[in-house]
Each structure stands twice: as structure tokens, then as C-alpha cells.
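Read through the structure below, which is laid out as C-alpha cells, and then see the notes.
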Amino acid sequence: MRQVSTVVALSLVLAGGCAKEDDNKKSCPPKGIAVAAADGTPCAQASADPTSVPGKDCRDQVEKYKEYDCFEPQVCPDQSKRKIPDFVLDLKAQGQEVSFILTNCSTGNRKLTISKLVLAGDSRCVFSEPEIFPGKVVDPGDQITLRTVYKPTAVGEDHAALIIESDAQNYPKFVIPICGKVIDKPAPGADAGTPGKDAGTGPVFDCKDVQGKITTSCHKE
């Protein structure tokens, strides 16, 4: 009887130690990482002003996801710009690779599984079919890279959206807007960048919402 009591006491001590460690983490946001700020503001809206309190909260949720107890798969994007710098038209250029990094920011043991990847918009068919590296299953804390190549053939703006469908709790359908602009090749002597690369000039423009426009003529649905 004495031996049984000792085992029970030891089990309680171990359980208490585990609970204390988990208590150091914050509770996972109700809908997952970076869906809404603490005050309830949707992160899609808050991200328009990243310096605001809700905007900073949403950004911190992504950058500090390890502080949360989120056991379901989560999609966390890199927080870089999604605009392609002005592209000087040069038909001999190789095109410009556009890549985005996604992290499975789950702190549990659930893998993230990508079920579908679609490129919407792209009315001029200037983006290559997107690819995923290294694969479609992502362990907690690991990353994948989404890549496409922008190869325009005429002056103008291009708007597209990478749509990633997965079993993520926070964004089962995650949309990354991307856009690029092509300008005329400058006159001899003008400094506007390297052909096929960042021209560094031209007015600022924003990516349009084209996620509902699937270009079946050059991209599979």
C-alpha cells in the first residue's frame, strides 16, 4: 500500500511541473494566430496601420507565436512587402522570382498540410505556375517557400493573388496579394535601374483584390 502511495505522489509532482511550464505561455487566440487583435479588430483591417495598437498586436502574434499555446496547425507568413519593384521592360530579361515564406506556427505537434495552391488574377498571364518548396506537409516550426516568376511582356500593371488552402486553424484559405508594374525602357543615359530588375522609379501603387478571379486560360483552378 505504501508503494502505491509513493507512485501516486510522484505522478502528481510530474503533472504539476508540466502544468507550470504551460502556464508560462499565453492562451492561443480563439481563432488562431493573427486573425484578430486583442481588442477584436480583424488583423486584415489592422494591418493597414501596422503602427497602431491592433496592428502591432497582430504583427507580434506572428513574430512571437512561440509564446502562445496553439496546438492546431497555423499559417504564419513572412511580413515582407508583396509588391514587385518597377520592372523595366526588356524581352531578353529572365524574369523576376517572387517568393514568400510560410511557417507552421503551431506550438503543438500537428503538421500543416497544403491541399491546394491557386494563382488568381494574372489577366495577362505573366506569372509562372506557383511552386512549393520543399513540400506540402510542414512540421510545427518549419517553413515552406512559395515561388513564382514574374515575366511581363508589355508595359502596364499586373495584379495576382496566391491562394493557399490547407488545414490551418487560423487561415484555411490564405491569400497573398502580389503585384508588379512594367515601365518603358528609359532613353539612353537615363538612370532607371537594370533591365528586368528594380527600376526604383514611378508612382506608388497598391495590389488590388483579385482573389476571386481565376485565370483558367493560363492557370489551373
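Is it the case, given these coordinates, that residue 186 is at pLDDT 65 or above and assigned to a loop (DSSP other than H, G, I, E, B)? Answer is yes for this residue.
Just one of the listed residues (145, 107) is exposed (fewer than 15 other Cβ atoms within 10 Å of the Cβ), of a type in the set (Val, Ile, Thr), modelled with pLDDT of 90 or more and assigned by TED's automatic domain parsing to the domain that holds residue 207, and it is 145. Taking residue 99 as the residue in question, decide whether it is of a type in the set (Gly, Ala, Ser), under 19 Å from residue 169 (Cβ atoms) and modelled with pLDDT under 95. In short, no. Among the residues of region 161-182, the ones that are without any contact (Cβ under 8 Å) to a residue 60 or more places away in the chain, assigned to a strand (DSSP E or B) and touching a Ser or Thr at 6+ places or on another chain (Cβ under 9 Å) come to 2 in all. Taken residue by residue, region 41-49 has no member that is part of a loop (DSSP other than H, G, I, E, B), closer than 23 Å to residue 145 by Cβ and out of contact with any Gly (no Cβ under 9 Å at 6 or more places or on another chain). Would you pick out the residues in region 119-142 that are assigned to a strand (DSSP E or B) and crowded, with 19+ Cβ neighbours inside 10 Å? Correct list: 119, 120, 121, 127, 138. Beta carbons closer than 7 Å, at least 6 apart along the sequence or on distinct chains, pair a first residue in region 136-160 that is under 30 Å from residue 111 (Cβ atoms) with a second that is among the acidic types (Asp, Glu) and part of a loop (DSSP other than H, G, I, E, B) for 160/122.
When region 34-54 is filtered for residues that are at negative phi and hydrophobic (A, V, I, L, M, F, W, C), the ones remaining, listed by number, are 35, 36, 37, 38, 43, 44, 46, 48, 53.
The values are calculated or read from the model by the stated rules, or taken from the named source; none is laboratory data. Note that this is a predicted model, so its numbers are computed, not measured. As a convention, Cβ positions derive from the backbone with ideal geometry for all residues, glycine included, and neighbour counts pool all protein chains shown.
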